[in-house]
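The values are calculated or read from the model by the stated rules, or taken from the named source; none is laboratory data. None of these values were measured; they are calculated from a predicted model. Because the Cβ atoms are built from the backbone with ideal geometry, glycine has one as well, and the counts that use them run over all protein chains shown.
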């Protein structure tokens, strides 16, 4: 099997049918659908069981204690049988040719161990990109170069080799529920390239109450994950200005962590902190107004 389409979900059972319908409509049925329910209290299980009874798409369902999307991804990686792993959120769906495009593009890199996977584009519709509005020829680059050297903006539709994903599990921090996926994509970028293509294969909506809508709040409520990301990111081969921004954000969220100041200071470049720490105080004032 080529592809595992993976969906983490939490109290979004009512949205799953649109994604399910888009999977049933795929021209190339070369995939399985793995759903990890992150402790939902709605009727998600019953909805998924109804899909399974229809027998149109191979579906595997697992329910876990509420732990966050990142831990759900870890579980999905263990369950996956496909060579490739494609995260598709419960409030989004795929274009009808998505699996066909993925299969065709993957042929270009499937025998090259330097590649962790490939990525298409997300769109608000089949014709409107999310982020950078220009299309582009196929790009062969790691995620850091793609973002910061080529300056491509917007959420992408990354498809990663399952064996690579299993080597980069998200860490577990007790009591915290959010870890940015950037910690996965940028660490993978230190070792591997992706094939980036500009076809829209993924239609996304940013619903009220979603992760994007609550960005500051969810990072504040998971400060150790947030500091881990910005600490690691600031040390990566990225432009100097991005290192400073990462340091500023590190100190911006550091006040929500219970760790000692000396511990936090040691986790980032002290020279950058001479710039980043004072600037972070500006955000403290603005956010407390």
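Being closer than 30 Å to residue 222 by Cα, more than 18 Å from the chain's Cα centre (by Cα), assigned by TED's automatic domain parsing to the domain that holds residue 180 and at pLDDT 95 or above is not true of residue 120.
Of the helices (runs of 4 or more DSSP H) lying entirely inside the range 35-133, those carrying at least 2 residues that are crowded, with 19+ Cβ neighbours inside 10 Å and touching a residue at least 40 places away in the same chain (Cβ under 8 Å) are 69-79, 98-106.
Can residue 275 be described as surrounded by fewer than 21 Cβ atoms within 10 Å (Cβ to Cβ), under 26 Å from residue 168 (Cβ atoms) and not assigned by TED's automatic domain parsing to the domain that holds residue 173? Considered against the rule, which asks whether it is surrounded by fewer than 21 Cβ atoms within 10 Å (Cβ to Cβ), under 26 Å from residue 168 (Cβ atoms) and not assigned by TED's automatic domain parsing to the domain that holds residue 173, residue 275 comes out as no. Could you check, for the range 20-27, whether at least one of its residues is in contact with a helix residue (DSSP H, G or I) (Cβ under 6 Å, 6 or more places away or on another chain) and touching a residue at least 60 places away in the same chain (Cβ under 8 Å)? Within the range 20-27 (the criterion being in contact with a helix residue (DSSP H, G or I) (Cβ under 6 Å, 6 or more places away or on another chain) and touching a residue at least 60 places away in the same chain (Cβ under 8 Å)), the answer is yes, since at least one residue qualifies.
Okay, residues lined up against (1) within 15 Å of the chain's Cα centre (by Cα); (2) closer than 26 Å to residue 169 by Cβ; (3) modelled with pLDDT of 95 or more; (4) surrounded by 20 or more Cβ atoms within 10 Å (Cβ to Cβ):
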site	(1), (2), (3), (4)
197	no, no, yes, yes
211	yes, yes, no, no
214	no, yes, no, no
222	no, yes, yes, yes
230	no, yes, yes, yes
245	no, no, yes, no
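The condition (being in contact with a strand residue (DSSP E or B) (Cβ under 6 Å, 6 or more places away or on another chain) and over 30 Å from residue 257 (Cα atoms)) is satisfied by just one residue among 129, 124: 129.
Residues of the range 165-175 being surrounded by fewer than 19 Cβ atoms within 10 Å (Cβ to Cβ) and either over 17 Å from the mean Cα position of the chain (by Cα) or not in a loop (DSSP other than H, G, I, E, B) (or both), which ones? Within the range 165-175, 166, 173, 174, 175 qualify.
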